[in-house]
Amino acid sequence: MLNIEIIRFNHFTARKSERYTATHNGLYIVEEGTLTINQPNGEQFELTTGDFILYNSSDLKNAGARPGPFRAIALVFDIHLFNQFKAAHPNIQTDGDGRRFYPFSSQSHKSIVKIKDTLVELADKQAPQYAQAHIAMALLSLMAEVEPNILSIIDDASTLSASQKAIKYIEDNIEKDITLETLATHMSMSIATLKRRLAAENLSFSHILKVKRINHSATQLRISKKSITQIAFESGFKSAAHFSTAFKSIYSMTPKEFRNQIVKQV
């Protein structure tokens, strides 16, 4: 996986029902429109054109876009970026203040915006990972200088439980042939131990894999113009028919119906 993955949106859909989510962290940038977000302490605020935040995907479940045109970018940072940041700044600490979002604006944080724009450009053209990583580290440092409390988000982003590591591995390799054996090797444990760890959390490798392949395909249906057959194969299904049946078992509609529904919402 690249250090930074760039995802573009032309609408906002909070994934309240997605199962087995590996939390994603990075920058969420509103390019057009307004996104309303609720803080855990009850405070509500809006991100408008040019605003951006350091985010944790699970915290966006109650967010919603206002009616009208909406475009946004998510820069998803790999966990190693956050680990590198913590290693470089081992003595930095912060106290939470009941919030999880700290918005930055194009008007008030112009120097940070320039670095953010450079990072978007590098990620968009898939520049060398070291270049992306250095700019991302600089950006995180400047954002933390302005708003030290984002360090709590960075701290959370650098730590994953065993099940989250398994889910993240599946997400990062979703287009490949993933087996219980390859996952166990990645986790540095035996197959029996991995199965026992997952079972302790009422999790099953085969079901997680199925759901994650479906969720990956749903994302592609949302953001790409690829054919349903192409999405089926790229999501690890052997046939479009098998994909349609599996998709309907999770979303209660066929991939075609799902895509048509998204188009109507735009």
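The values are calculated or read from the model by the stated rules, or taken from the named source; none is laboratory data. Because the structure is predicted, anything quoted here is derived from the model rather than measured. Cβ sites come from the backbone with ideal geometry, for glycine too, and all protein chains shown count toward neighbours.
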- request: For Ile167, state whether it is under 30 Å from Ala88 (Cβ atoms), in a helix (DSSP H, G or I) and in contact with a helix residue (DSSP H, G or I) (Cβ under 9 Å, 6 or more places away or on another chain).
  value: yes
message: Considering only residues that are more than 13 Å from Ala166 (Cβ to Cβ) and surrounded by fewer than 19 Cβ atoms within 10 Å (Cβ to Cβ), which ones fall in region 182-219?
response: Ser190, Ala192, Asn202, Lys210, His216, Thr219
field: Restricting region 228-247 to residues that are of a type in the set (Gly, Ala, Ser) and in a loop (DSSP other than H, G, I, E, B), the residue that is surrounded by the most Cβ atoms within 10 Å (Cβ to Cβ)
entry: Ser235
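Kindly provide the set of residues from region 19-36 that are in a strand (DSSP E or B) and at negative phi, ordered by number. Before you say what the answer is, go through the steps one by one.
From region 19-36, those in a strand (DSSP E or B) are 25-32, 34-36; that's our starting set.
Hits for region 19-36 are Asn25, Leu27, Tyr28, Ile29, Val30, Glu31, Glu32, Thr34, Leu35, Thr36.
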- prompt: Lys86: farther than 23 Å from Arg222 by Cα and basic (Lys, Arg), yes or no?
  reply: yes
- request: Evaluate the following for Ala123: is it modelled with pLDDT of 90 or more and at negative phi?
  value: yes
task: Show the residue pairs that are 6+ apart or on different chains and have beta-carbon atoms under 6 Å apart, the first residue being within region 225-243 and more than 16 Å from Lys212 (Cβ to Cβ), the second being surrounded by fewer than 11 Cβ atoms within 10 Å (Cβ to Cβ).
output: none
query: Does any residue in region 166-195 that is under 20 Å from Lys238 (Cα atoms) come within less than 7 Å, Cβ to Cβ, of a residue that is at pLDDT below 85 and surrounded by 13 or more Cβ atoms within 10 Å (Cβ to Cβ) six or more places away or on a different chain, and which pairs are these?
result: Glu171/Ala22; Asp172/Met1
- prompt: Identify, please: which residue in region 15-32 is within 16 Å of Ile53 (Cα to Cα) and not charged (D, E, K, R) and is, among those, modelled with the lowest pLDDT?
  reply: Thr23
query: of a type in the set (Val, Ile, Thr), free of Cβ contacts under 8 Å to residues at least 24 places away in the same chain and crowded, with 18+ Cβ neighbours inside 10 Å - does that describe any residue in region 62-81?
result: no
Which listed residue, of Ala162, Ala157, is without any contact (Cβ under 8 Å) to a residue 60 or more places away in the chain and either in contact with a Gly (Cβ under 9 Å, 6 or more places away or on another chain) or aliphatic (A, V, I, L, M) (or both): Ala162
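Would it be correct to say that Leu198 is at pLDDT 90 or above and in contact with a helix residue (DSSP H, G or I) (Cβ under 9 Å, 6 or more places away or on another chain)? I'd like the intermediate steps shown before the answer.
Details: at pLDDT 90 or above: no; in contact with a helix residue (DSSP H, G or I) (Cβ under 9 Å, 6 or more places away or on another chain): yes.
For Leu198, the condition - at pLDDT 90 or above and in contact with a helix residue (DSSP H, G or I) (Cβ under 9 Å, 6 or more places away or on another chain) - is not met.
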